[in-house]
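Have a look at the structure below, then the notes.
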Amino acid sequence: MKELSSAIQLIPLENYIFLSVALFSIGMMGVLFRRNTIAILMCLELMFNSVNLLLTAFSAYHSDPSGQVFVFFIMIVAAAEVAVGLSIVVMMKRNVDSIDINLLNRLKW
Amino acid sequence: MVALIPYITLAWLVPAFPLVGFLITSLAKNKLKHNQAGIIASTMVALSFITSVFLFFILNSSGQDSATLTLFNWVSAGDLKIPFALLIDHLSLVMMLIITGIGALIHIYSIGYMRDDERVNSFFAQMNLFTFSMLLLVMGANYLILFIGWEGVGFCSYLLIGFWFKNPAFNYAARKAFVMNRIGDLGFILGIILLFFTFKSVSFNEVFSQAATLQSGAPILTLITLLLLVGAVGKSAQIPLFTWLPDAMAGPTPVSALIHAATMVTAGIYMIARSSILYNLAPITSNVMIILGLTTAIITAIVGLRQNDIKKVLAYSTVSQLGYMFLALGLGAYSAAIFHVTTHAFFKALLFLGAGSIIHAMGGEQDIRKMGGLRSKMPITFLTFLIATLAISGIPPFSGFFSKDLILTKAFEISPWLYALALGGALITCFYMFRLFYLVFFGNQRLSSAHPHESPRVMTVPLMVLSVLSLFGGFLNIPALFGGDSGFENFLHKAVTSKESGEISSATEVGLIIVSLSLLGIIIVLAYRTYVKKSTVPAADGAPSSLIARIVANKFYLDEIFAALIEKPFGRLSDFLFKSVEVKVLDSAVDGVGTLTSRLGSLVRRLQQGNISFYLFAMVAGILLFIIFILFV
Amino acid sequence: MILLIILLLPLVTGLGILFLRNACTVRIVALTSTIVNLLLTFVVMGSSPAATFSVEWNNLMGISFSLGFDGISLLMLLLTNLLFPFIILAGFKREQNQISVLNFLILLTQAALIGVFLSQNAFLFYIFWELTLIPIYFILLLWGGENSRAVTLKFFIYTLAGSLFLLIGIIYIVQLTPGVHSTDFSVLNQLHIPAATQIWLFWVLFIAFAIKMPIFPFHTWQPNTYTMASTQGVMILGGVMTKMGIYGALRFLFPMVPQGVLYWQNIVLVMCLIGVVYASVIAFRQTNLKRLIAFSSMAHISLMAAALFIYNYYAAQGLLFQVLTHGLTVVALFYMVQLIQDKTKTLELPQMGGLKHAAPKMAILLLMILLVSVALPFTAGFIGEFLIIIGLAKQSIWVALFGGTTMILGAIYMLYAYQRIMLGDKNASLKNTTDLVRLDYWMLIPLIAILFILGIYPQPILNLVEVSANTMQNLLTSATGIVTAMPH
Amino acid sequence: MIFLFYLLSTIMIVCALLVVFSKNPINNVIYLILCFIAMAGHYILLNAQFLAVVHIIVYTGAIMVLFLFVIMLLNLNKAIIIRKSTVTRVSAVITGGIFFLVLLAATRQTFEIHAKYPFNSEIGLVSGIGKTLFGEFLLPFEISSILFISAMVGAMMFGKKDA
């Protein structure tokens, strides 16, 4: 435990920032890249997690527990979002027999 | 102010009587029997007359020049304080006597003349309202009260010209009269406002006492007097605003007699005579008045030569006579102008009432070509009409001679050319008046359907009274030449400041009179030869005639010129402004903003193609731009 | 407290009316409420100006619910409360649908207008200012004539757009207040906004009022709206709501941006004068009676606006006097229009004529109203316009000349209309037409009587507004440092 | 220690890229789970044991299983051939790259971090989080339960056959 807790001071915060930015960008690229709605949802999770990681890193470096509580809340929201999102996917599959995002093109005026 | 003259406070009764008459006759319009309204109205004006006479004696005996009676405070805003005050001095007394005296006679005459009209009660109500306004006009102690009366008489004139409102042409004439008057009124009120700014008051006494200190020919005075003159030109029917007056003959004849001959049209003369102190200080305006007056006098006299409607002839002669009054005003002979107003009121009212009697007898016919031979059928009318014609022509000893001669002499003092022109106008007047007279009363009756008869007594008595006045009215002011003392002029001298002018010898004066009288004699003989001996009857309207004759008969096409120059372009401007500017420019600009918004909307809407991937791309691009903007700009 | 009662009475009555079923009861209750309000107004006029009402509302933004009055607002209050009984009365014995809703909306308008005129706080003013739009929108939309949807929408959006500028202006001014922000007029009036700011701020505020009045290029909503609107709607609109623009200008422009006013005075004045001549000329050829009166009303309002922006003592007095006169005239005139439409079944002037044979009394009353409108002496219209023209002439005789053209042009088109409606030969289609009935007398006689009495004895109104006019004038002169000669 | 960080990071990034680029949904899920496990390792490195545990339970245990369920339920477990056009895919990669660079530049030029409180290794433990959660954030915590309920109801509404 002692060893682990001191690990924080060894790793520069910049690394975490770099990592989470990379993850976020990858997630976003995925959102743009994929047509499969479920894959898009997964990429979204990726982005959520990059943010979570950053929050936790800052929380740890500042020794402020609020950041981690926020991560907790984000997880709650993510869980709720996934539940609703997946049910939408299910419905979409049922209605148009596909989960291709490009078929959802009624979202205009 | 000097000590109050006893009983002078009764002056408020003078306008109050006709007002009461108006209220009674208008409110109880449906309850009054056929003659009652006329009797009430006439009584009220007669009571006014009696009060005026009473005031006349009171003022004369008091030895004071004027009295001001403040009734209440009308408008008071800052230093603009306008009391509702009446001024009784010699000038206003003369006018009051004319208005109430002749007014009463015409009211009485109207009882007979309007007997069969279904709206006789309204008629008398409006006549009383007119009398009230006119009295207010001449009795007001400041320009604003004068203006109330000024507008009031204009409005009553509108009502009475359009009295027979079934006829659209009459209504048009009424409207024309009102609008033309209004054009003058705008100038008048601007003049009043400038007066107020210059003298910090609009009350006669204060303005005149301050004006005496001003330099003669001061630009502000010229401007003020010119603006006031615009008002007078509108009201007194001078060029270029005179065309309403001949059209105003659409009203019943007593109206023409009272409003468009004896009283209202002389309001402009009264106003300028009242402001004589100002006008004496504005030589430019005086010259303008001379030119205006002379031009009007001659041009309308020429037009009168070719008119065949009995009332139109008289109307043009009125305009012409008003021109003479303006000439007198321009010459600085203010009391001469007022004197001419007085005598003119006598004989012109008489002429109109006589004409009314004729029209009445002819069953409504007004065309002199269809009359003739009425001498024997209507003796009283004939006689009175003769007196009036002689008076207007300026034959001694009738009243017109004295007043016109006074003006002509004054003109000669300035320039013989002026005299010659004025005399020329007088000769033309004489010719067309005798043309009218001969055509109506001599020869044979040319309209077989009519059965002329003498009018009832209620109409002839006023004629007789007026003919006595026309006959002897001139003796009010016998010039020194005939051993008189110029009583009228001296009487007015206290209220009106006439310009001093060079004296001319009595020999010249006699010479002038002889010249003018002999010329008048020739003219009368000429008219007699043309219309009685040769029994010439003017051609029918459609008959071919020379160009000049047509131009004259159509009053130099002034109405048409006005229509082409003002009315039509104005109407077109109105249409243009509404159809092009209002609808096509302004309104569509406003609508354009709305259309532009919705167009832009439909343009932007194309971006919303519904493709979620595209939205995502757009969103990311937006976020990117946002971050870049925040960080690097 | 009495001010609060005046403000709330129409609102409460209006809400109560919604639960009434009987049409007659609804109208009588509404009428009673407005009459009581009028009486209360007289009480207020007798009381001291200290009778204010103020409650803190939102401390953070410095908004307080404070009511109060000075001479100008008192005049406006009098105008509003004087006209509304007549406006309600104009609906009596008339076929209308949804009577309780209509009367509720009318009373709501009244309450909002009273709020506008009484509020002593810019934010409160703005709320009431916008609140007036909602009921009038529905009155125009639901009880209006043909094409009411498009016309009303335009009116609504146009005025709303104007109000938006006003809101921006208010917010900008409020954020200039030192310390804890306040939106009270008393605080805002003490602000000395830099001259450069005033110059552009003037337009931000001015546009809202210009649209409401309306001043020349911003007027295009007006003719169509007037033509389409129901009688009661147009009475409210033309009688009172146009005066809101004038009142707003007096409340905002002069105390807050006096240098801006002076800077733009000439341009605005030219706009107003163009409006006078332009509207008069257009009215000359209109065939629709309502549209004619709409343009005539615009000409009068433009003249009043000219007086507003020339702002000297006489013009101010004339303006405020004319505000009252014009409101009364508009109400009387549009009631007449309604009667004419009832009797002739048309509003097109060329199709009318000869109504005087069937309805002589109506002809007389109409003529009297028109006389007020063309400013004949001894009518209230003359006093107002005369004072205004004096004020204009003080600036320049040319301005007065242009302003005075209403006298001529007004006479032309008003008498033309009168001739077309009333005069002429008997009209066969009017055979069964009746003259005025008792209700019409109740409506018209008091209005005309007031107009003539004020023409003969105008002093009470002139005294009422004198102090306020002086105050405003002082603000303007002190802003420039130019001391013009002031009476007293 | 720094070695551990780089190891975990490499796993995460590789897995994330595979999530994006592999075509089979099942494989996607598997890679994502791997990614999340590496993430839990990071949490432990950051001394946030509570979060690490919750992360494993919620994400890998619940959410990802949900994904799997849905994929199997809808019978999507074979590679879906539908692909975006080349232009879209290239632009997606470019956009992602630009985004990465911009964010990086942003973080590079803005931050200079000073710890707010003295170092305390206890905050990531259950007791630390619990105290904050049930103290300062009690109300949001309770409200989040409402969020859950509504999400549940919503999911059921969507999932109903005749919705």
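All of the numbers you see were taken from the coordinates with simple rules; none came from a lab. None of the values given here were measured: they were computed from a predicted structure. Every residue, glycine among them, receives a Cβ derived from its backbone with ideal geometry; neighbour counts consider all protein chains shown.
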Seminar exercise, completed: In degrees, nearest 10, the alpha-carbon axis of helix C:258-284 is tilted away from the dominant principal axis of the alpha carbons of chain C by 10 degrees
Exercise. Share of Cα-Cα pairs in segment D:1-96 beyond 23 Å, in percent?
Worked result: 38 percent
Exercise. Hey, which of these cross-link pairs are over 25 Å Cα-Cα: B:Lys29/B:Lys377; B:Lys370/B:Lys534; C:Lys290/C:Lys345?
Worked result: B:Lys29/B:Lys377
Problem set entry | Cα centroid separation, segment C:149-171 to segment C:419-455 (Å) | 37 Å
Exercise. Between B:Thr70 and residues 5 or more places away or on another chain, which pairs have amide H atoms under 5 Å apart, with H built 1.01 Å from N, and which residues are they?
Worked result: B:Leu86
Problem set entry | Normalised per residue, the volume of the convex hull around the Cα set of chain C (Å³) | 132 Å³
For this session: Return the whole-Å distance between the Cα centroid of segment C:7-26 and the Cα centroid of segment D:126-163.
Result: 49 Å
Exercise. Which chymotrypsin sites (Phe, Trp or Tyr not before Pro) from segment B:1-84 combine a DSSP loop assignment with at most 10 other Cβ atoms within 10 Å?
Worked result: none
Problem set entry | Whole-angstrom Cα spans of segment B:163-267 along principal axes, big to small | 53, 20, 20
Seminar exercise, completed: Taking D:Ser22, C:Ser302 and counting other beta carbon atoms within 10 angstrom, the fewest-first order is D:Ser22, C:Ser302
Problem set entry | Per-residue HN-Hα couplings for segment B:553-566 [Karplus 6.51, -1.76, 1.60; θ = phi - 60°; Hz; x = Gly/Pro] | 4, 9, 6, 6, 6, 5, 4, 5, 5, 4, 4, 6, 8, 10
Problem set entry | Approximate shape of segment C:272-488 as ellipsoid semi-axes (Cα gyration tensor, √5λ), whole Å, largest first | 36, 18, 11
For this session: May I have the extent of the alpha carbons of chain B along their three principal axes, as whole Å values ordered from largest to smallest?
Result: 116, 66, 59
Exercise. Of all the stretches in chain B, which is the longest one without any exposed loop site, taking GluC sites (Glu not before Pro) in a DSSP loop (any state but H, G, I, E, B) with at most 13 other Cβ atoms within 10 Å?
Worked result: B:119-499
Exercise. What is the set of long-range amide H partners of B:Ile395 at a cut-off below 5 Å, with H atoms built 1.01 Å from backbone N?
Worked result: B:Phe401
Exercise. How far is the Cα center of segment A:38-56 from the Cα center of segment B:567-581, in Å?
Worked result: 72 Å
Problem set entry | Ratio of the Cα radius of gyration of segment A:24-109 to 2.2 N^0.38 Å, where N counts its residues | 1.33
Seminar exercise, completed: Shielding of B:114-120 by other chains, given as the mean Cβ count within 10 Å, works out to 0
For this session: Rounded, prolate or oblate: pick one for segment B:507-589, where a ≥ b ≥ c are the square roots of the eigenvalues of its C-alpha gyration tensor, a/c under 1.5 means rounded, and failing that, prolate if a/b is larger than b/c, else oblate.
Result: oblate
Seminar exercise, completed: Long-range amide H partners of C:Asp184, meaning residues 5 or more apart or on another chain whose placed amide H is closer than 5 Å, are C:Ala122
Problem set entry | Peptide B:196-208, shielding by other chains (average Cβ, 10 Å cutoff) | 1
Exercise. How big is the Cα convex hull of the protein assembly as shown in projection, averaged over all directions, in nm²?
Worked result: 67.4 nm²
Problem set entry | Within chain B, longest stretch clear of exposed trypsin sites (Lys or Arg not before Pro) (DSSP loop, no more than 16 other Cβ within 10 Å) | B:201-445
For this session: Would you order C:Arg21, A:Arg34 from fewest to most other beta-carbon atoms within 10 Å of each residue's own beta-carbon?
Result: C:Arg21, A:Arg34
Seminar exercise, completed: Simple SL model, points at 7 angstrom along Cα→Cβ for B:Val532 and C:Phe42; separation in nm is 7.4 nm
Problem set entry | Other protein chain Cβ atoms within 10 Å, averaged over every residue that makes up D:32-44 | 3
For this session: Show which lysines lie in cross-link reach of B:Lys404 when reach means a straight Cα distance below 30 angstrom and same-chain residues fewer than eight apart are skipped.
Result: B:Lys235, B:Lys311, B:Lys312, B:Lys348, B:Lys494, B:Lys499, B:Lys533, B:Lys555
Problem set entry | In degrees, nearest ten, helix C:380-395 long axis to first principal axis of chain C (Cα) | 40 degrees
Seminar exercise, completed: For chain B, averaging the sequence separation of alpha carbon pairs under 8 Å that lie six or more residues apart and dividing by its residue count, the contact order in percent is 12 percent
Exercise. For B:Lys166, which aspartates and glutamates qualify as cross-link partners when the Cα separation must be under 12 Å and same-chain residues fewer than eight apart are set aside?
Worked result: C:Asp425
Exercise. Can you tell which of D:Leu7, C:Phe156, B:Leu226 lies farthest toward the positive end of the dipole of the protein assembly as shown, using +1 and -1 charges on the Cβ of basic and acidic side chains (Lys, Arg; Asp, Glu)?
Worked result: C:Phe156
Exercise. Pick from D:Met39, D:Met152, D:Met72: which is most flexible by mean-square fluctuation in a GNM of chain D where alpha carbon atoms under 10 Å apart are linked?
Worked result: D:Met152
Exercise. Helix B:379-393 sits at what angle to the longest principal axis of chain B, using alpha carbons and giving 0 to 90 degrees rounded to 10?
Worked result: 70 degrees
Seminar exercise, completed: Among trypsin sites (Lys or Arg not before Pro) in segment A:51-109, those in a DSSP loop whose Cβ has at most 16 other Cβ atoms within 10 Å are A:Arg106, A:Lys108
Exercise. How much of the calculated P(r) for segment B:280-381 lies past 23 Å, in percent of all Cα pairs?
Worked result: 39 percent
Exercise. What are the principal axis extents of the Cα atoms in segment B:1-81, in Å, biggest first?
Worked result: 48, 39, 13
